[in-house]
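> Please find one structure pasted underneath; my questions will follow.
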Amino acid sequence: MILIVDFGSQTAHLIGRRLRQLGVETMYADPKSALSTAKEIHPKGIIFSGGPSSVYGQDAPTVEPEIFDLSIPVLGICYGWQLMAHLLGGEVKNTTKEYGPELLRLSLTTCAETIFSLPEKKFSVIMSHGDSVVRMPPGFTAIGSSKTVPFSAVANCEKKLFGVQFHPEADHTTYGMDILKNFAATVCKEPLNPLALDPKIIIETIRKTAGSQKVICAVSGGIDSTVTAYLIAKAIGKNIHPIYVDSGLMRPGTDKRLKDIFSKHIDAHLLVVDAKNEFLTALRGITDPEMKRKTIGKLYIDIFSREAKKHSDATILAQGTIYSDVIESKGSTHASNIKSHHNVGGLPDDLSLQLLEPVRNFYKDEVRQIGKLVGLPDDIVNQQPFPGPGYAVRIRGEVTEKRLQQVQIADGIVMEEIQNAGLKDSVFQCFALMSGAYSTAVKGDERVFAEVVAIRAYESKDIMTSRWARIPYEVLEKISTRIVNEVPDVSRVVYDITSKPPATMEWE
């Protein structure tokens, strides 16, 4: 058992997921109960997660210093390392900020080799911090540094305390998995027994939860809701009522694609509800991204509740929520609310239906794996994600019928040219968005002042971190030329080359 103390990092749950991949059992604890929990369960190791707070901030989460006297190895990550340094006599300051990939340089000494014994001494890591440790506590040795942060990797060999300013749990940290494995297996002496995902266990859990009740299942055509619907249909048969609410905000042809999926792969009758006018009316005049998401979330729930009344014994609402949705919507006590996903932060407090979310604790790549295990075809399993709020969050500012048509055309061009270039499988997601910025252009020797379209494409596995995709210039040129010629009232095209962190996947 390794105890993970959750200080609110967006990737705190990802630490446990990585350890689960290795076959290590984990438990999460709130900082306030960390010491008592550690005394009770006697874990072989403790990991402090990162978090959005500053150690000097008011009400900053902390632990009792006695936890370092339990003779249990501790690994502090980002805020976790800063807190460790602060509590043990070091100094933390708001100095150089680092967001995104940075180069780490290691200089190994003595016991530090146990956790930092890696194939290379220079490699890329993911940073996301404002504060950093400027003076180490007594007994610590500097092991690794970035260009601006000298104490990016440290160790107290005697007490088996380790600190890293970067995030080893992030997929885009080179050798991050090796660092966690070295801590768990070499330092903590945890046996590694990797566990495979088992759809049968999920199906049985659904069966026990739903019983003989009827379930309204929200579907969108994406991998998350499709896998959810498949598992529920296997668990409860004809008691599932899948519903696709056509908001007019999804990609054209989504309804036809869904009908095809259900006719071939899921034994359930799909109901399509036309709600285009309702959504455009509800979004009229709204420009704030959070308000958009919550408005969309509420309207979806209202429609599902309305449909549930047609099935008097339907008391459960199922949806394809995954863990990245949860954590970005302030999924833990000390986490920051990045954006309210319509299926999490957009839910009303007085929801009358019981929620059923079979893949809530899984990441995108795990859901894909579950889909493969149950036999869904590659074109479903490997499809690009599309946001639940649809094009509404790809239109900066107010959603109007005109701007919706613009982004649909632009997005179609992006998808078509990426497909033509044979790049669809090499990017996790690519899309166009209406930026809300305006610029001058010359069309037919005439001055035009029109909106700028932005293109975003990135590589990722679990949506928690990403790297912007290196699309060939000639492909970008084709996309740009077509958009400014085929999309009305557009002045120019820009390409977003920001990774996550600091960016999120969508602009809103």
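The values are calculated or read from the model by the stated rules, or taken from the named source; none is laboratory data. Keep in mind it's a predicted model, so treat the numbers as computed, not measured. Cβ placement follows ideal geometry from the backbone for every residue including glycine, while neighbour counts extend to all protein chains displayed.
> Among (1) surrounded by fewer than 21 Cβ atoms within 10 Å (Cβ to Cβ); (2) assigned to a loop (DSSP other than H, G, I, E, B); (3) touching an Asp or Glu at 6+ places or on another chain (Cβ under 9 Å), which single condition is Gly388 missing?
(1)
> Another one. For region 60-74, indicate whether the set of residues that are farther than 25 Å from Met464 by Cα and within 28 Å of the chain's Cα centre (by Cα) is non-empty. If you could, list the steps in order and put the result at the bottom.
Within region 60-74, the subset farther than 25 Å from Met464 by Cα is 63-73.
With within 28 Å of the chain's Cα centre (by Cα) added as a condition, the list becomes 63.
For region 60-74, residues farther than 25 Å from Met464 by Cα and within 28 Å of the chain's Cα centre (by Cα): present.
> Checking the structure you have, find out if any residue of region 199-214 is surrounded by fewer than 22 Cβ atoms within 10 Å (Cβ to Cβ), modelled with pLDDT under 95 and at positive phi.
yes
> Go through (1) within 30 Å of Phe68 (Cα to Cα); (2) surrounded by fewer than 24 Cβ atoms within 10 Å (Cβ to Cβ); (3) in contact (Cβ under 8 Å) with a residue 60 or more places away in the chain for Val154 and report which single condition fails.
Of everything listed in (1) within 30 Å of Phe68 (Cα to Cα); (2) surrounded by fewer than 24 Cβ atoms within 10 Å (Cβ to Cβ); (3) in contact (Cβ under 8 Å) with a residue 60 or more places away in the chain, Val154 misses just condition (2).
> Same structure, new question: For region 430-444, state whether one or more residues are of a type outside the set (Phe, Trp, Tyr), modelled with pLDDT under 95 and either part of a loop (DSSP other than H, G, I, E, B) or within 30 Å of Ala282 (Cα to Cα) (or both). Walk me through how you get there before you give the answer.
Filtering region 430-444 down to residues of a type outside the set (Phe, Trp, Tyr) leaves 430, 432-437, 439-444.
Filter again for modelled with pLDDT under 95, leaving 441-444.
Next cut, either part of a loop (DSSP other than H, G, I, E, B) or within 30 Å of Ala282 (Cα to Cα) (or both) only: 444.
Yes, because at least one residue in region 430-444 is of a type outside the set (Phe, Trp, Tyr), modelled with pLDDT under 95 and either part of a loop (DSSP other than H, G, I, E, B) or within 30 Å of Ala282 (Cα to Cα) (or both).
> Might you check whether a residue that is buried (at least 19 other Cβ atoms within 10 Å of the Cβ), outside the structural domain of Val367 (by TED's automatic domain parsing) and on the phi < 0 side of the Ramachandran plot occurs anywhere in region 441-448?
Going through region 441-448, the residues buried (at least 19 other Cβ atoms within 10 Å of the Cβ) turn out to be none.
Among the residues of region 441-448, not one is buried (at least 19 other Cβ atoms within 10 Å of the Cβ), outside the structural domain of Val367 (by TED's automatic domain parsing) and on the phi < 0 side of the Ramachandran plot, which makes the answer no.
> Sort out which residues of region 134-149 are crowded, with 18+ Cβ neighbours inside 10 Å and not in a strand (DSSP E or B), and write them in order of number.
Selection gives Met136, Pro137, Phe140, Ser146, Val149.
> Another question, then. Going by what's in this entry, would Leu103 be described as in contact (Cβ under 8 Å) with a residue 24 or more places away in the chain and under 26 Å from Lys189 (Cα atoms)?
Values: in contact (Cβ under 8 Å) with a residue 24 or more places away in the chain: yes; under 26 Å from Lys189 (Cα atoms): no.
Judged against the criteria, Leu103 is not a match.
> Okay, moving on. Could you please find all residues in region 470-508 being at pLDDT below 95 and either assigned to a loop (DSSP other than H, G, I, E, B) or closer than 15 Å to Ser435 by Cα (or both)? Full working, then the answer.
Looking only at region 470-508, we keep the residues that are at pLDDT below 95, and these are 498-508.
Correct list: Thr498, Ser499, Pro501, Pro502, Ala503, Thr504, Met505, Glu506, Trp507, Glu508.
> Moving on to the next point. Which count do you get for residues in region 145-193 that are more than 20 Å from Gly23 (Cα to Cα) and hydrophobic (A, V, I, L, M, F, W, C)?
10
> Considering region 24-39 alone, what residues qualify as being under 24 Å from Phe362 (Cα atoms) and either crowded, with 18+ Cβ neighbours inside 10 Å or at pLDDT 90 or above (or both)?
Answer for region 24-39, where residues must be under 24 Å from Phe362 (Cα atoms) and either crowded, with 18+ Cβ neighbours inside 10 Å or at pLDDT 90 or above (or both): Val24, Thr26, Met27, Tyr28, Ala29, Asp30, Pro31.
> Quick one: which residue in Val414, Val367, Val407 is more than 27 Å from Glu278 (Cα to Cα), aliphatic (A, V, I, L, M), in a helix (DSSP H, G or I) and in contact with a Phe, Trp or Tyr (Cβ under 9 Å, 6 or more places away or on another chain)? Show your work before the answer.
On the way: Val367 fails: in contact with a Phe, Trp or Tyr (Cβ under 9 Å, 6 or more places away or on another chain); Val407 fails: more than 27 Å from Glu278 (Cα to Cα).
None of the other options fit; the residue is Val414.
> Of these, Phe166, Phe162, Phe183, which one is assigned by TED's automatic domain parsing to the domain that holds Ser107, in a loop (DSSP other than H, G, I, E, B) and not β-branched (Val, Ile, Thr)? So that I can check it myself, show each step before the final result.
On the way: Phe162 fails: in a loop (DSSP other than H, G, I, E, B); Phe183 fails: in a loop (DSSP other than H, G, I, E, B).
After ruling out the rest, the residue left standing is Phe166.
> Inside region 393-404, can you point out the residues that are among the charged types (D, E, K, R), assigned to a loop (DSSP other than H, G, I, E, B) and over 25 Å from the mean Cα position of the chain (by Cα)?
Initially, region 393-404 is screened for residues among the charged types (D, E, K, R), giving 394, 396, 398, 401-403.
Of the ones still in play, those that are also assigned to a loop (DSSP other than H, G, I, E, B) are 396, 398.
Selection gives Glu398 alone.
One line per residue, one yes/no per condition, for (1) within 29 Å of Tyr244 (Cβ to Cβ); (2) touching a residue at least 24 places away in the same chain (Cβ under 8 Å); (3) touching a strand residue (DSSP E or B) at 6+ places or on another chain (Cβ under 6 Å):
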| position | (1), (2), (3) |
| --- | --- |
| Asn382 | yes, yes, no |
| Tyr391 | yes, yes, no |
| Gly397 | yes, yes, yes |
| Glu401 | yes, yes, no |
| Gly412 | yes, yes, no |
| Val427 | yes, yes, yes |
| Glu446 | no, no, no |
| Phe449 | no, yes, yes |
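Residue by residue, here is whether (1) closer than 20 Å to His167 by Cα; (2) in contact with a Lys or Arg (Cβ under 7 Å, 6 or more places away or on another chain); (3) charged (D, E, K, R) holds:
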residue	(1), (2), (3)
Met1	no, yes, no
Phe7	yes, no, no
Arg18	yes, no, yes
Pro31	yes, no, no
Pro43	no, no, no
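> For region 109-133, which residues satisfy the criterion of being touching a Gly at 6+ places or on another chain (Cβ under 9 Å) and surrounded by fewer than 19 Cβ atoms within 10 Å (Cβ to Cβ)?
The one that is touching a Gly at 6+ places or on another chain (Cβ under 9 Å) and surrounded by fewer than 19 Cβ atoms within 10 Å (Cβ to Cβ): Lys121.
> What's the number of the condition Asp59 fails, among (1) without any contact (Cβ under 8 Å) to a residue 12 or more places away in the chain; (2) touching a helix residue (DSSP H, G or I) at 6+ places or on another chain (Cβ under 9 Å)?
Among (1) without any contact (Cβ under 8 Å) to a residue 12 or more places away in the chain; (2) touching a helix residue (DSSP H, G or I) at 6+ places or on another chain (Cβ under 9 Å), the lone unmet condition for Asp59 is (2).
> Identify, by number, the condition in (1) outside the structural domain of Thr62 (by TED's automatic domain parsing); (2) at positive phi that Leu192 doesn't meet.
It fails just one condition, (2).
> Inside region 214-323, counting only helices (runs of 4 or more DSSP H) that do not spill past its ends, which hold 2 or more residues that are farther than 22 Å from Glu204 by Cα? Reasoning before the result, please.
Working: elements: 223-236, 254-265, 276-283, 289-308.
Where helices (runs of 4 or more DSSP H) fall fully within region 214-323 and carry at least 2 residues being farther than 22 Å from Glu204 by Cα, they are 254-265, 276-283, 289-308.
So that you can scan it fast, the table gives a plain yes or no per residue for (1) among the β-branched types (Val, Ile, Thr); (2) assigned by TED's automatic domain parsing to the domain that holds Gln354; (3) out of contact with any strand residue (DSSP E or B) (no Cβ under 7 Å at 6 or more places or on another chain):
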| residue | (1), (2), (3) |
| --- | --- |
| Asp255 | no, yes, no |
| Val273 | yes, yes, no |
| Glu278 | no, yes, yes |
| Leu299 | no, yes, yes |
| Phe304 | no, yes, no |
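> Name, by its number, the condition in (1) in contact (Cβ under 8 Å) with a residue 12 or more places away in the chain; (2) under 19 Å from Phe386 (Cβ atoms); (3) not aromatic (Phe, Trp, Tyr) that does not hold for Lys256.
The single condition Lys256 does not satisfy is (1).
> Which members of region 150-159 meet the condition of being closer than 12 Å to Trp81 by Cβ, of a type outside the set (Phe, Trp, Tyr) and assigned to a loop (DSSP other than H, G, I, E, B)?
Initially, region 150-159 is screened for residues closer than 12 Å to Trp81 by Cβ, giving 151-156.
This time we only want the ones that are of a type outside the set (Phe, Trp, Tyr), so: 152-156.
If the condition is that a residue be closer than 12 Å to Trp81 by Cβ, of a type outside the set (Phe, Trp, Tyr) and assigned to a loop (DSSP other than H, G, I, E, B), then Ser152 is the only one that fits.
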